């Protein structure tokens, strides 16, 4: 494949039928592509466009049709190793010289497996056919002969002009020509492409947007488009439109992609560029990369060893046969002459090798793979079905998007977590503020004691304000009183909050404002201002309308100096209705306080104190200031500003220089404090994970102070920690020093040359090696920022970093780029050889989610990117505890038991033949009836094994949550490894287990009587040979006595071992299980409640999480809709 | 623009026992006393069973007379296939010290005769034996057809080697319909000896029922003590592949013949179980204190 498919999983699960489009048309499109270096098309000219043979807009995701289903499906199935192996066996069996088993012993299981898969495939494909039909037959308006005509999607061709209306899906990838909105803006939702639900804006080029919905002009449009050939890059498009002799450059801002939905736009016209399989959506479909688990790997190794074992067994038996034929068989020819093709005992032995290869095939657990898939599927369904991982507010259950990783969930050793949206809710709540030196937001009771805000606390009544947002709650009445009193500073404070932002408002029903904010912080601030009586109502490119205490005022917007990461502030300049020119600024305190007018110094000090208080509580803070501008000064500045805006070189830098000229001598108004709420249960989850010896690393893009603060708040760092190391060096040498000195404190001997790890490292092993666990002498934490990390992740330092970081109990990396997040995960993965898990919610977490063994997406606020790339997805961080400790642990235990059981039963079954060979002259005679061999794996033993591996629970969920220590064996992969096969026991007998086990046993006897019945034997005497054997043999007391004895002999050693093991070699798990049994026998003590601790009193700096807003768009004149409805509102 | 959750039906998973993994179940939890008493009980059962089985096996009588060496000269003669029409008999005297009471069964026992070879086992035609298709001899190679192409009946290696020495399919001295000329119900494919032989043995050492003592006149009690002798017409060469032949006389009980294997196995198992139970109890008592150390209890 030419394309690697990095975007694959960006296709939402709803569209999973697209996935399977796969190789078929990919190969088609690729072939064509090689001949299509560039695409050329002309609008409204089908004759011209058909010359190039572009496909029409039909999509075909189905694989089969009635005719090719059987051959194609069989071909695909035989590509699987297991089936291919069976097929080879079958061929071996058909060679009469070596056939030792009847052909049906292989054919019947193979047929059953093949037909089950085929039926499943057929049903899937049928669904795809239906989906394809439904999609292909959707109707859309096409311009034909000067008229709009309805046509089916599949009939759309390259070069057609199509009209798409509000809330309709885009038919094909098309060039936006015009739309109902001013400046031909078109709003689209790309949820199906990238999962993001926020609206995006596309704009047509002016020459086409003038055509609007004039059909005459549109049908006369004969522009020619030359553009790149179809590809899978969602955010790239390059082309040239030639119209009336002029060339216009096209980029992806002008392209509407198939899969998008038009929103807030009544209609738009587009010129179809890519159709059907050429569209970017379809080009992005394909198989996603496969993550494999440790157990998978182990299984492969085991199967390989078993193959060798099988080979050597066959070899031994063949040699045995050769010797036997020489000594006995040769003289036994009176009774059994050698076959004509056997010239000597050597030939006979060679043939016997293959005969035994057939007989002993059951020792190779090929059907294992199929069973493992079933078990994993079952265990994934348990995750989907878990009500305790269902998040009611979003109506979203947990979702296992990958079904192959379950048991790995029981082995996690490192958790890499994002902060925003994962640990925190990413819901910002306006909590407190400091205005003109007075702190608002605390609640006091009658005695003047500070009260913790709870649900019972009385909320402030905003009923005086008709525009108030009912969801907003605030508890300190003094602030409302100050507003009502008409305190000038307070009014100015809220006015600045309602003016200085880039929020867009929407008012579908009068009085119900909906804000679209770029960052939740900003939304929270504007909402707060709105509730206190300064409601931002609407904006145009030149005005901002604010309802001030019930009175509508229109401010002229003169300039927006937008936020960026360097400036860390934003300002607006407005002309008030009273004709004053005002600048309002808000920004990070460290920046804003340097811009203040000297007269504000004392106020500044008080405010700084308040900011300290806010920071202690972990609140995110902003400073707010204003400046009244002299009209002449402003005019002069404005001129300079607009000049700079037009400059081509180094524009951004120049703009920021000009902005600095006006953002000075600010008068301080106050500060805001926004709570970045922790998610529910984060604290308990982290404590539990800690107890389960899972190491928690926080990787965040936030700045150090915020990250550390949150880390304390959610107990990743504890006050009792011995020391927190901070690595913030700016070059190799310092960082090396910092890392070494940290290690010197944690474990001084690890720096000595005699340390085993050091001596190992000096040997410079070439193979990928594993760094062993090193135990420090206490509890330590490590903070490292992105800048230092860039150095630390390079060559020599990465091992230093890894060794130091892994000794710490918790690690926080801040200011990380998405790529670095992935690098850190890779680093741990590479050298620690343990299972890693990454959890995050944003697009910036995608890389680490993909890099880790297990990726978990939180379907939260920040779109769906992370979730779409994840292996598991749920809504709340604290479900992680359940996922790992309950589902993960069970899955791991079940898988281990299953594997042991499976290997056990196959070995027992097969080794009997090895033993019997010594008594049957190594002649490849089986002990069992061929029918028993046929049914053994398929019918008699499959259900008990499956039952065990789907229903077994060694301890129930309550205990596994209460004793996280139980999780440890999985981390060290204790239950299933090359050294030991665990003793087998079903510890959890549900009705279904009983049914499966006794049912299978009962079924065995039924089948036995049936197969040995007179009827069958008389009908097919050559196939069913054991006439009357069952009834005769079952009458013998010896049989039953031997049966009882075998059961006793099999059970007793196992039980004895189980009894003695914890006594002689107590593992911590045994102790825990002991305790659990103890607890079960005695009345339940109240569960341990972990006290919720609040963040310690640590000075933190102030967060300013903000993104560049719509500023550019607003000031460039391309406003949000200036609908007549709204302007009439304004006049009122 | 956002789809509100209220619009779509709730996706709350069903609250069924299977889906929530809350199936009622009994958990196997064996306490130390449980396990130990289980061991002791099993031990008692096994020992008891063993003793009963041994006693019952001892109550039966079995004597075996190996005549491989006694009839060595006949064996020598038979090794040369050209002598197939020469008769050779040998007489094997034996002494019965005790009366064998009850039904006495006479078996022939073969050592090192591989009735369980894969090729040997396949060489038979069930449809021919059943009579559904007498000419169906396809599976009987290499004993399917005689030189002139007529199908052999009964065909195949098993039938060919019928142990009575007399051979007709190539090496049988008389045809199948002469197996027992005295009793038409025991002739042809229905001949008891033939049927017994066709039920192949699983191991190279096996014994097969040949005759029963007819309990008339002074044999009503069983087989009285005294001197007896077998007259064997020796037809069946086994010496070439180091096989041995013998005759077995035996009485039966409810638990089978004279074999002590099952009884001994039970006894040994029982003894081992008791031994294990005692040592486990000792270990348990000694180490019990360590399991619940005081600090563990504090954690609780």
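The values are calculated or read from the model by the stated rules, or taken from the named source; none is laboratory data. Given the structure is predicted, the values throughout are model-derived calculations rather than measurements. Because the Cβ atoms are built from the backbone with ideal geometry, glycine has one as well, and the counts that use them run over all protein chains shown.
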Seminar exercise, completed: Going through the range A:909-937 in order, the residues found to be more than 18 Å from residue A:1024 (Cβ to Cβ), in a helix (DSSP H, G or I) and touching a residue at least 60 places away in the same chain (Cβ under 8 Å) are A:909, A:910, A:911, A:913, A:914, A:917, A:937
Exercise. What number of residues within the range A:1002-1021 satisfy the criterion of being under 59 Å from the mean Cα position of the chain (by Cα) and outside any helix (DSSP H, G or I)?
Worked result: 3
Problem set entry | Yes/no for residue A:576 being farther than 30 Å from residue A:706 by Cα and without any contact (Cβ under 8 Å) to a residue 60 or more places away in the chain | yes
Exercise. Can we say residue A:677 is part of a strand (DSSP E or B), surrounded by 13 or more Cβ atoms within 10 Å (Cβ to Cβ) and out of contact with any helix residue (DSSP H, G or I) (no Cβ under 8 Å at 6 or more places or on another chain)?
Worked result: yes
For this session: With respect to residue B:30, determine if the residue is in a loop (DSSP other than H, G, I, E, B) and either out of contact with any helix residue (DSSP H, G or I) (no Cβ under 9 Å at 6 or more places or on another chain) or more than 23 Å from residue B:210 (Cα to Cα) (or both).
Result: yes
For this session: Sort out which residues of the range B:109-137 are under 29 Å from the mean Cα position of the chain (by Cα), more than 8 Å from every other protein chain (Cβ to nearest Cβ) and surrounded by fewer than 17 Cβ atoms within 10 Å (Cβ to Cβ), and write them in order of number.
Result: B:111, B:122, B:131
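Looking only at the range B:175-191, how many residues end up being part of a helix (DSSP H, G or I) and under 20 Å from residue B:161 (Cα atoms)?
Of the residues in that region, 7 qualify.
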Seminar exercise, completed: When the range A:370-404 is checked residue by residue, the ones that are modelled with pLDDT of 85 or more, in a helix (DSSP H, G or I) and out of contact with any helix residue (DSSP H, G or I) (no Cβ under 7 Å at 6 or more places or on another chain) are A:377, A:381, A:384, A:385, A:387, A:392
Exercise. In the list A:1024, A:1064, which residue meets the criterion of being more than 45 Å from the chain's Cα centre (by Cα), within 11 Å of another protein chain (Cβ to nearest Cβ) and modelled with pLDDT under 80?
Worked result: A:1024
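Is there a residue being part of a strand (DSSP E or B) and either touching a strand residue (DSSP E or B) at 6+ places or on another chain (Cβ under 7 Å) or under 19 Å from residue A:655 (Cα atoms) (or both) anywhere in the range A:590-605?
Scanning the range A:590-605, I find at least one residue that is part of a strand (DSSP E or B) and either touching a strand residue (DSSP E or B) at 6+ places or on another chain (Cβ under 7 Å) or under 19 Å from residue A:655 (Cα atoms) (or both), so the answer is yes.
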Exercise. Name the residues in the range A:398-417 that are in contact with a strand residue (DSSP E or B) (Cβ under 9 Å, 6 or more places away or on another chain) and free of Cβ contacts under 8 Å to residues at least 60 places away in the same chain, would you?
Worked result: none
Exercise. Residue B:53: within 39 Å of the chain's Cα centre (by Cα), surrounded by 14 or more Cβ atoms within 10 Å (Cβ to Cβ), at pLDDT 90 or above and facing another protein chain (nearest Cβ under 8 Å), yes or no?
Worked result: yes
For this session: Answer yes or no as to whether residue B:35 is in a strand (DSSP E or B) and either under 40 Å from the mean Cα position of the chain (by Cα) or more than 7 Å from every other protein chain (Cβ to nearest Cβ) (or both).
Result: no
For this session: Would you point out which residue out of B:205, B:269, B:253, B:273 is within 11 Å of another protein chain (Cβ to nearest Cβ), at negative phi, in contact with a strand residue (DSSP E or B) (Cβ under 6 Å, 6 or more places away or on another chain) and in contact (Cβ under 8 Å) with a residue 40 or more places away in the chain?
Result: B:205
Exercise. Among (1) outside any loop (DSSP other than H, G, I, E, B); (2) within 14 Å of chain A (Cβ to nearest Cβ); (3) surrounded by 16 or more Cβ atoms within 10 Å (Cβ to Cβ), where does residue B:82 come up short?
Worked result: (3)
For this session: Filter the helices (runs of 4 or more DSSP H) completely within the range A:1-83 down to those with at least 3 residues that are more than 28 Å from the chain's Cα centre (by Cα) and at pLDDT 50 or above.
Result: A:46-50, A:69-77
For this session: Considering only residues that are touching a helix residue (DSSP H, G or I) at 6+ places or on another chain (Cβ under 7 Å) and within 14 Å of chain B (Cβ to nearest Cβ), look in the range A:894-917 and name the one that is nearest to residue A:325 (Cα to Cα).
Result: A:917
For this session: Determine whether the range A:745-759 contains at least one residue that is under 23 Å from residue A:832 (Cα atoms), buried (at least 21 other Cβ atoms within 10 Å of the Cβ) and in contact with a helix residue (DSSP H, G or I) (Cβ under 7 Å, 6 or more places away or on another chain).
Result: yes
Problem set entry | Those residues of the range A:686-715 which are touching a strand residue (DSSP E or B) at 6+ places or on another chain (Cβ under 8 Å), buried (at least 22 other Cβ atoms within 10 Å of the Cβ) and within 18 Å of residue A:615 (Cβ to Cβ), in sequence order | A:700, A:702, A:706, A:707, A:708, A:710, A:711, A:714
Exercise. Pick from the range A:510-544 the residues that are touching a residue at least 24 places away in the same chain (Cβ under 8 Å) and assigned to a loop (DSSP other than H, G, I, E, B): which of them is surrounded by the most Cβ atoms within 10 Å (Cβ to Cβ)?
Worked result: A:532
